[in-house]
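**Student:** One structure coming up, written as structure tokens, with questions to follow.
The values are calculated or read from the model by the stated rules, or taken from the named source; none is laboratory data. This is a predicted model, so every value here is computed, not measured. Cβ sites come from the backbone with ideal geometry, for glycine too, and all protein chains shown count toward neighbours. In case anyone asks, the SASA skips ligands and DNA or RNA and just uses the protein heavy atoms, side chains included. Shrake-Rupley method; radii C 1.70, N 1.55, O 1.52, S 1.80 Å.
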Amino acid sequence: MTRSSLIPLCALLLCCAPHTPAGVNVCSSRSAVVTSCQDCLLIHPQCNWCSQEVFGAPHTVTSRCDLRDNLINKGCSVDFIEGPRSKVTVVQSFPLSSKGSGASQSDIIQMTPQSIALSLRPGAATSFTVQVRQVEDYPVDLYYLMDLSLSMKDDLDTIRNLGTRLAAEMAKLTSNFRLGFGSFVDKNVSPFSYTAPKYQNNPCTGYKPFPNCIPSFGFRHVLSLTDKVSNFNTEVQNQQVSRNRDAPEGAFDAILQAAVCKDRIGWRTEASHLLVITTDDVPHIALDGKLAGLVQPHDGQCHLNTDNEYSAAAQLDYPSLALLGEKLAENNIHLIFAVTKAHYLLYKNFTALIPGTTVEILDPSSQNILQLIVNAYNNIRSKVELTVSETPDDLSLGFSATCQDGASYPGVKKCGELRIGDTVSFSVSVEARSCPLLEAPHTFTIKPVGFRDTLEVSVRYDCSCRCSQQVEVGSVRCSSNGTYSCGMCSCDPGFLGARCECGEEEDSSDVSLVTCRESESHTVCNGRGRCLCGLCSCYESEFGRISGSYCQCDDFSCARFKGVLCSGHGDCDCGECKCDAGYIGENCNCTTETESCMSSDGRMCSGRGTCVCGRCQCIEPGAFGETCEKCPTCPDACGTKRDCIECRLYQSGRLADNHTCHRLCHDHILTVEALDTDNPEAVLCVYKTENECVMRFTYTEDPSGKSILTALKEPECGGAPDALTVLLAVVGSILLVGFILLVVWKLLVTIHDRREFARFQSERSRAKYEMAANPLYRQPISTHNVDEMYSMMAKSYNGASNGFRASDDID
């Protein structure tokens, strides 16, 4: 790109989304230079281009690529705004049919619309709706493909009369039913089959359980689709089993031939196609053919010879799952695997890789084949799934299904559990990621799996502007020195300026550049503009306006407060906030008003702080609140709340007379019979009333900061004491104390005596024991004369009357 072409565009900024979360209009970002109207359209779908010749302020390079509303506000006429939008045009839309039977089956419509044209602008998504309905009594073609390997002999006997029973059962579902038959074994090459000469005519030679069978074959088309079910029964009864060597079968070869040989098979365009395959073993897959030296991949073509047998079995490898899925979808065929229980899981995994495929469990002798087919058909008819083919690389598709329950399922393109006649819809969103190099139309197809109905979607990429078709070479609008297009001049080599009015040498001269410098230490136009013809043309910024002779000023680089320029209380003038009246500070966030700092008692910050920028800064420890009015721990807290207690509860105190009680006292007051003094966060206040009573209350703060006062209902008051009562109380107290002391003394003496007596008793007991055990101790013995004793007794008796006492001792 030449320098002259950059001059009028060097300040244009990238368009993008309307605004980023930070509030920046990315359509005006500096991350890239927009060089044309087409470049602008590619940046974001909401960016527009102004092709008006006179646009923007003088000496300012104004972006022509911006949001539509911004361009209009800058003075661009609506007629000169370029900004195409993505749109959808329905080309063909026939209504859905309600029933399948009729004179002309080709008129049956199960999907609408049928053709749509899209005009897409990159990044601008658009959407359309597709409706699908499974119509009643729709024609059915069923081709029965059977494994005739030796292990399926019992199954062959079971289905010999299948045609009649199947036709009778299908008649309940459709009045237009046709049936065909084909069989398969495996490639008749080693090591898949017996190829020795003795096995050529009878591969069962030497096999005692079943010594006779027909030669092995890959696929054989036996009966084309017909409504004569007796022909089906006849052909099945004529079939014989064969024998191959390995366990896997050539099922995939047979499926592909049955799908692509549609003229030989007899598939009808206007019918539902069912391909039922019964087998009791696993299939050979792609690359298995290498065991027999078959390295050529399958070409996906029909290879039936005049005998209706697969003729390329010995030349081509087995087909892959991807090729099978492609050909089945291309020919609108629903594949039904009827397999034994041992292999159900394997074939179930195949259904995830081949759209429109189902799998059912087959009894060992195929006894349930009839019910299996009917169930599979009902299962197929109970669901609708969309597929897309040949999607252009530049497109992004999204689906949202609205099924029979009316709920929307984003990201889903399939509905199940449908009944015949139900209508489902799919919302398809389309977005072009970029513009292709070729402007040729692009197409892709949307269709339900197994349906013949299709939706053809043609795409046109809208990446150019209408104004670009009008080009003026050597235009007088460009001083005859450039090409005019879409409101801009592309200068010829050697010329510069918005209108190519300056020569390149003149503009790059030192003299011209000096006039665009504020001083030698500054860059040209302070790096925020372009020096054109000796004058600075300031760039346009997404943040605001750049101005000044040298682009030195702007209205967006001032200090901010909470993201707001100059706090919203001033104007940004050349990088400095000019505050409104009543505001000061670098970012005008500080108000000079003090009214908000006045407390309810008329003091500035309740006398506990200072007013800074309209807010109180509390100085007193423990003070808080908007005006520092709350301070439970302050020395005067009780005194402050006392006035409110007196005026609110008893209509007394200093606030009762001046009628300011209700204006100054807003605290919540609770009255109780007894105070709870156990709360450690409560401040207990006590004061003496005018009546010499004692008033008690507590002061607390709840979690929200609200003050709560809890006061006694009545002050504690008492009368003068009685003298006699006092005297009696004193005397009684003295007597009580004396009596208590006497009791204590008596108690101590009793305890002491008891201890001494106990010790005496202990010593006495020990003394008796010692005397009884003393061997030296002998009891004294006295001898008395009997006569003398009697004589003495007589004397004692007689002496009693003479003044002797009876109690005297007798010796």
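**Student:** Taking the stated definitions as given, is THR340 under 17 Å from ASP281 (Cα atoms), open to solvent by less than 50 Å² (accessible area, probe 1.4 Å), under 37 Å from the mean Cα position of the chain (by Cα) and at pLDDT 90 or above?
**Tutor:** Numbers: under 17 Å from ASP281 (Cα atoms): yes; open to solvent by less than 50 Å² (accessible area, probe 1.4 Å): yes; under 37 Å from the mean Cα position of the chain (by Cα): no; at pLDDT 90 or above: yes.
Here the answer is no, as THR340 does not meet what is asked.
For (1) modelled with pLDDT under 90; (2) open to solvent by 30 Å² or more (accessible area, probe 1.4 Å), each residue gets a yes or a no:
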| residue | (1), (2) |
| --- | --- |
| PRO122 | yes, no |
| THR164 | yes, yes |
| GLU169 | yes, yes |
| ARG178 | no, yes |
| GLY182 | no, no |
| VAL229 | yes, yes |
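**Student:** For the stretch 588-616, enumerate the residues that are in contact with a helix residue (DSSP H, G or I) (Cβ under 9 Å, 6 or more places away or on another chain), surrounded by 21 or more Cβ atoms within 10 Å (Cβ to Cβ) and in a loop (DSSP other than H, G, I, E, B). Full working, then the answer.
**Tutor:** Step one: filter the stretch 588-616 for residues in contact with a helix residue (DSSP H, G or I) (Cβ under 9 Å, 6 or more places away or on another chain), giving 588-590, 597-602, 604-606, 609-612, 614-616.
Applying the additional criterion that residues be surrounded by 21 or more Cβ atoms within 10 Å (Cβ to Cβ) yields 588-589, 597, 605-606, 609, 616.
Those that are in contact with a helix residue (DSSP H, G or I) (Cβ under 9 Å, 6 or more places away or on another chain), surrounded by 21 or more Cβ atoms within 10 Å (Cβ to Cβ) and in a loop (DSSP other than H, G, I, E, B): CYS588, ASN589.
**Student:** Still on this structure, please answer the following. How about the stretch 587-622: which of its residues are at pLDDT below 80 and hydrophobic (A, V, I, L, M, F, W, C)?
**Tutor:** Selection gives ILE619 alone.
**Student:** Going by what's in this entry, would VAL476 be described as of a type in the set (A, V, I, L, M) and within 28 Å of CYS65 (Cβ to Cβ)? First the steps, then the outcome.
**Tutor:** Numbers: of a type in the set (A, V, I, L, M): yes; within 28 Å of CYS65 (Cβ to Cβ): yes.
In short, yes.
**Student:** Of the conditions (1) of a type in the set (Val, Ile, Thr); (2) open to solvent by 70 Å² or more (accessible area, probe 1.4 Å); (3) closer than 22 Å to ARG499 by Cα, ILE546 satisfies every one except a single condition; which number is it?
**Tutor:** (2)
**Student:** Also, quick follow-up: Counting just the residues of the stretch 469-497 that are assigned to a helix (DSSP H, G or I) and free of Cβ contacts under 8 Å to residues at least 12 places away in the same chain, which one comes out nearest to ARG121 (Cα to Cα)?
**Tutor:** Residues of the stretch 469-497 assigned to a helix (DSSP H, G or I): 469, 476-478.
Restricting the remaining residues to those that are free of Cβ contacts under 8 Å to residues at least 12 places away in the same chain gives 469, 476.
Values: GLN469: 18, VAL476: 33 Å.
Out of the qualifying residues, it is GLN469.
**Student:** Do you know which of the residues in the stretch 247-267 that are open to solvent by 40 Å² or more (accessible area, probe 1.4 Å) and modelled with pLDDT of 90 or more is farthest from ALA329 (Cα to Cα)?
**Tutor:** Start the filter on the stretch 247-267 by keeping residues that are open to solvent by 40 Å² or more (accessible area, probe 1.4 Å), which leaves 247, 262-264.
Next, only the ones that are modelled with pLDDT of 90 or more stay: 262-264.
On the way: LYS262: 13, ASP263: 17, ARG264: 18 Å.
So, considering only residues that are open to solvent by 40 Å² or more (accessible area, probe 1.4 Å) and modelled with pLDDT of 90 or more, the one farthest from ALA329 (Cα to Cα) is ARG264.
**Student:** A follow-up question, please. Taking strands (runs of 3 or more DSSP E) that fall entirely within the stretch 349-468, which contain at least 3 residues that are open to solvent by 10 Å² or more (accessible area, probe 1.4 Å) and of a type in the set (S, T, N, Q)?
**Tutor:** In the stretch 349-468, 395-402, 423-432 are the strands (runs of 3 or more DSSP E) which contain 3 or more residues that are open to solvent by 10 Å² or more (accessible area, probe 1.4 Å) and of a type in the set (S, T, N, Q).
**Student:** If I filter the stretch 627-638 for residues that are in a helix (DSSP H, G or I) and aliphatic (A, V, I, L, M), do I get at least one hit? Step through it out loud before you land on a result.
**Tutor:** First pass over the stretch 627-638, keeping only residues in a helix (DSSP H, G or I): 637-638.
Retained after the next criterion (residues that are aliphatic (A, V, I, L, M)): 637.
Scanning the stretch 627-638 turns up at least one residue that is in a helix (DSSP H, G or I) and aliphatic (A, V, I, L, M).
**Student:** Can you tell me which residues in the stretch 547-565 are aliphatic (A, V, I, L, M) and assigned to a loop (DSSP other than H, G, I, E, B)? Give the derivation first.
**Tutor:** Here is the first cut: in the stretch 547-565, the residues aliphatic (A, V, I, L, M) are 559, 564-565.
Within the stretch 547-565, ALA559 is the sole residue that qualifies.
**Student:** Taking GLU235 as the residue in question, decide whether it is in contact with a Phe, Trp or Tyr (Cβ under 8 Å, 6 or more places away or on another chain) and among the acidic types (Asp, Glu). Steps first, please.
**Tutor:** Values: in contact with a Phe, Trp or Tyr (Cβ under 8 Å, 6 or more places away or on another chain): yes; among the acidic types (Asp, Glu): yes.
Criteria met by GLU235.
**Student:** For the stretch 283-329, give me the residue count where each residue is without any contact (Cβ under 8 Å) to a residue 12 or more places away in the chain and in contact with a Ser or Thr (Cβ under 9 Å, 6 or more places away or on another chain).
**Tutor:** Count: 1.
**Student:** Something else now. Looking at TYR790, TYR777, which is the one that is modelled with pLDDT under 85 and surrounded by 10 or more Cβ atoms within 10 Å (Cβ to Cβ)?
**Tutor:** Values: TYR777 fails: surrounded by 10 or more Cβ atoms within 10 Å (Cβ to Cβ).
Step by step, each of TYR790, TYR777 is checked, and only TYR790 is modelled with pLDDT under 85 and surrounded by 10 or more Cβ atoms within 10 Å (Cβ to Cβ).
**Student:** Follow-up question, since we're still on this one. Looking at the structure I just gave you, is LEU173 more than 20 Å from HIS221 (Cβ to Cβ), within 46 Å of the chain's Cα centre (by Cα) and open to solvent by 10 Å² or more (accessible area, probe 1.4 Å)? It would help to see each step written out before you state the result.
**Tutor:** Values: more than 20 Å from HIS221 (Cβ to Cβ): yes; within 46 Å of the chain's Cα centre (by Cα): yes; open to solvent by 10 Å² or more (accessible area, probe 1.4 Å): yes.
Answer is yes for this residue.
**Student:** Sticking with this structure for a sec: Quick test for you: out of LYS198, LYS208, pick the one residue that is open to solvent by 30 Å² or more (accessible area, probe 1.4 Å), assigned to a loop (DSSP other than H, G, I, E, B) and either among the basic types (Lys, Arg) or within 15 Å of TYR310 (Cβ to Cβ) (or both).
**Tutor:** Values: LYS198 fails: assigned to a loop (DSSP other than H, G, I, E, B).
Only one candidate qualifies: LYS208.
**Student:** Is it the case that the stretch 533-543 has a residue that's modelled with pLDDT under 80, acidic (Asp, Glu), within 47 Å of the chain's Cα centre (by Cα) and within 24 Å of PHE55 (Cα to Cα)?
**Tutor:** Within the stretch 533-543, one or more residues are modelled with pLDDT under 80, acidic (Asp, Glu), within 47 Å of the chain's Cα centre (by Cα) and within 24 Å of PHE55 (Cα to Cα).
**Student:** In the stretch 177-195, what residues are among the charged types (D, E, K, R), closer than 22 Å to ALA251 by Cβ and outside any loop (DSSP other than H, G, I, E, B)? Before you say what the answer is, go through the steps one by one.
**Tutor:** Step one: list which residues in the stretch 177-195 are among the charged types (D, E, K, R), which gives 178, 186-187.
Of the ones still in play, those that are also closer than 22 Å to ALA251 by Cβ are 186-187.
Selection gives nothing.
Condition check ((1) touching a Leu at 6+ places or on another chain (Cβ under 9 Å); (2) in contact (Cβ under 8 Å) with a residue 60 or more places away in the chain; (3) more than 22 Å from THR357 (Cβ to Cβ)) across all residues:
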{"site": "GLY182", "(1), (2), (3)": "yes, yes, no"}
{"site": "ALA196", "(1), (2), (3)": "no, no, yes"}
{"site": "PRO211", "(1), (2), (3)": "no, no, yes"}
{"site": "GLY218", "(1), (2), (3)": "no, yes, no"}
{"site": "GLU235", "(1), (2), (3)": "yes, no, yes"}
{"site": "GLN240", "(1), (2), (3)": "yes, yes, yes"}
{"site": "ARG268", "(1), (2), (3)": "yes, yes, no"}
{"site": "LEU274", "(1), (2), (3)": "yes, yes, no"}
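**Student:** Kindly indicate whether THR234 is within 28 Å of LYS153 (Cβ to Cβ) and open to solvent by 40 Å² or more (accessible area, probe 1.4 Å). Please lay out each step first, then the result.
**Tutor:** On the way: within 28 Å of LYS153 (Cβ to Cβ): yes; open to solvent by 40 Å² or more (accessible area, probe 1.4 Å): yes.
Yes; evaluated as a whole, the condition is true for this residue.
**Student:** Suppose we filter the stretch 690-705 for residues that are in a loop (DSSP other than H, G, I, E, B) and at pLDDT 75 or above; how many remain? Full working, then the answer.
**Tutor:** Going residue by residue through the stretch 690-705, those that are in a loop (DSSP other than H, G, I, E, B) are 690-693, 702-705.
Remaining after also requiring at pLDDT 75 or above: 693.
Final tally of qualifying residues: 1.
**Student:** Which residue pairs have Cβ atoms under 9 Å apart, sit 6 or more places apart or on different chains, and have a first residue in the stretch 534-545 that is charged (D, E, K, R) and a second that is modelled with pLDDT of 75 or more and open to solvent by 20 Å² or more (accessible area, probe 1.4 Å)?
**Tutor:** ARG545/CYS553; ARG545/ASP555; ARG545/PHE556
**Student:** For residues in the stretch 76-100 being open to solvent by 50 Å² or more (accessible area, probe 1.4 Å) and at pLDDT below 85, which is nearest to VAL428 (Cα to Cα)?
**Tutor:** SER98
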